[in-house]
Structures are given as C-alpha cells and as structure tokens.
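The values are calculated or read from the model by the stated rules, or taken from the named source; none is laboratory data. This is a predicted model, so every value here is computed, not measured. Don't worry about glycine lacking a Cβ; one is built from the backbone with ideal geometry, like all the others, and counts go over all protein chains shown.
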Amino acid sequence: MTLTLTTVACLADNYAFIIGNSATKEAAVIDAPESAPINAAILAGGWRLTTVLLTHHHWDHIDGLDGLANSADLRVIGAAADAHRLPALNTTVAEGDTIHVCGEDAQILDVSGHTVGHIAFHFAKSGFVFTADSLMALGCGRLFEGTPKQMWGSMQKLRALPPETIICSGHEYTATNAAFALTLEPDNADLRSRVEAIKAARINGEPTVPSILALEQQTNPFLRADVPALKHAIGMDTADSTSVFTQIRARKDRF
Ligand code: ZN
Ligand code: FE
C-alpha cells in the first residue's frame, strides 16, 4: 500500500503536503506555511495528524506550525543543522538518516543551496520526494545561503532518484520558470509541450505541482547543466557542469 498524497495551497503561492495512511488514518504534513488550509484538509480527509516534517527554516514553511490542530502533541522533525533556527523539534535528522512516518520509511537527503541545511524527505515505497525550495517544477530555489556548486550537487542527488518519483515542491512558480526555461532551450520539444500544458493548467486555476522527475529531467534547465543539448543551446559546449549551472542560475536571477 502506498500513502495518500494531498496538495494544500497556502498563502499566495506556497504548497504544503499531507501524506496519509488510509488503513490507520494517521497523517503527516510536510511544511506548515499557514495553518487554516492544512487544518481544513486534515479534517476533510478524516486524518489524525501525528507528524510535521520541516524542510527548512524560512517563515513561509514554518509559521503555520503553532496553529495546527493538536500542535502540542505533534512529532516535529527537522534538520539537526537547522535546529537553532527551526521551531522546537522532537527529532533531528541528517543526510542518510531514515525516519518512520505513517507506517513507511523515509530517507533524508541534504539538498543545501537555497539554504544551508535544507533537507528533502524521500518516501521510496510511495515514490514521493518533498523538495520544497530545492528542486522545483521547472526550476530550483534561489541561492540565499549556498553556492551554485552546492545546489548543483543537490540537483544531481535528486535527479538520481527513480524517474517515476513524484516531486513535491514548495511553490507555484512554474509559469515564470517555464518562460525562463524557454529562453535557454527554445527548441526543446519536451519543454515546449510542457509549457503549453502549464499555461492551460494555470488558466484553469490548476496547480502544476507536484510533477514527475522524468519530465523534470527532460525539461528543467537546473537538472540539465551537464546535458550536451542544454550546454550547446546556451553556447557553453565545452564548459564544466558547475560553470553551466552557475550561469543558468545567474541568468534566472536577472530574468
Ligand atoms: Zn525558502
Ligand atoms: Fe519558500
């Protein structure tokens, strides 16, 4: 049995996710941007919230924690490296650790770059990875603390997961990311068709998150810094992948 995934829109453009075990009805929430929509989704699903997984310390991922129903009884899990700037944690984790959540094991990946200490939670059996502001749909998070080299390392780590993995990222930034990606690879047919699908989804008010890793591999420029087609498209055929990633991230910052 795999866990049930519910995407919860919060604030202006954030996403939280609820994973639930339909046999036991226990649930966990990944990031807490805002309590009201999360509490409503927990209630609507008939879930019993037991656990909160925090990806990083930014306010738009943690400020809803105190307002969650039965917040005093929740198990709160976050990075040991960020314990000093996260809400009080019951369990601290680091890369390589395995935690047991809703009856399933999740592996912790360090995906620093956006912040140093940002982690992702990989539920291999259900095929989910919660990436927040590291790998995003057609993009990646801005580098507030880490270096391009660190973020490129994080991208390679996430890219190596099974291609059918569902990428649960933290924001609805995909339309802007799509416009940027097209400036780099206007002739990428997979990208062009994905951009059309994104436009249609947004016109209908549908989320573009989560997405599938296989499609990110074909279209997300931040996963393609070592792909000859991308390097050629931006005139960096002979450059090393870290330099290419650095260039792509710099162009996005100016976009
Ligand atoms: Zn953030
Ligand atoms: Fe964020």
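Brief remarks on what is shown
- Candidate set: segment 30-89, residues that are hydroxyl-bearing (Ser, Thr, Tyr) and within 19 Å of Gly170 (Cβ to Cβ); chosen: the one nearest to the chain's Cα centre (by Cα): Thr55
- Out of Asp63, Asp73, Asp82, Asp97, sole residue that is at pLDDT below 95 and either within 15 Å of ligand 1 (Cβ to nearest atom) or among the charged types (D, E, K, R) (or both): Asp73
- Taken as a whole, the condition of being of a type in the set (D, E, K, R), touching a helix residue (DSSP H, G or I) at 6+ places or on another chain (Cβ under 9 Å) and touching a residue at least 40 places away in the same chain (Cβ under 8 Å) applies to Asp31.
- Enumeration of residues in segment 37-60 that are within 16 Å of ligand 1 (Cβ to nearest atom) and polar (S, T, N, Q): Thr55
- Of the residues making up segment 134-146, those that are aliphatic (A, V, I, L, M) and not in a loop (DSSP other than H, G, I, E, B) are Leu135, Met136.
- Single residue of Thr131, Thr147, Thr165 found to be surrounded by fewer than 19 Cβ atoms within 10 Å (Cβ to Cβ) and more than 22 Å from Lys199 (Cα to Cα): Thr147
- From Met151, Met236, residue being within 16 Å of ligand 2 (Cβ to nearest atom) and either in contact with a strand residue (DSSP E or B) (Cβ under 6 Å, 6 or more places away or on another chain) or under 18 Å from Ala250 (Cα atoms) (or both): Met151
- Considering segment 92-125, and only residues there that are surrounded by fewer than 18 Cβ atoms within 10 Å (Cβ to Cβ) and among the small types (Gly, Ala, Ser), the residue that is farthest from ligand 2 (Cβ to nearest atom) turns out to be Gly103.
- Single residue of Thr183, Thr131, Thr165 found to be touching a helix residue (DSSP H, G or I) at 6+ places or on another chain (Cβ under 8 Å), modelled with pLDDT of 95 or more and within 16 Å of ligand 1 (Cβ to nearest atom): Thr131
- All strands (runs of 3 or more DSSP E) inside segment 71-133 with 3 or more residues being within 25 Å of Trp152 (Cα to Cα) and touching a residue at least 60 places away in the same chain (Cβ under 8 Å): 119-123, 128-132
- Total residues in segment 168-203, condition closer than 21 Å to Gly141 by Cα and part of a loop (DSSP other than H, G, I, E, B): 4
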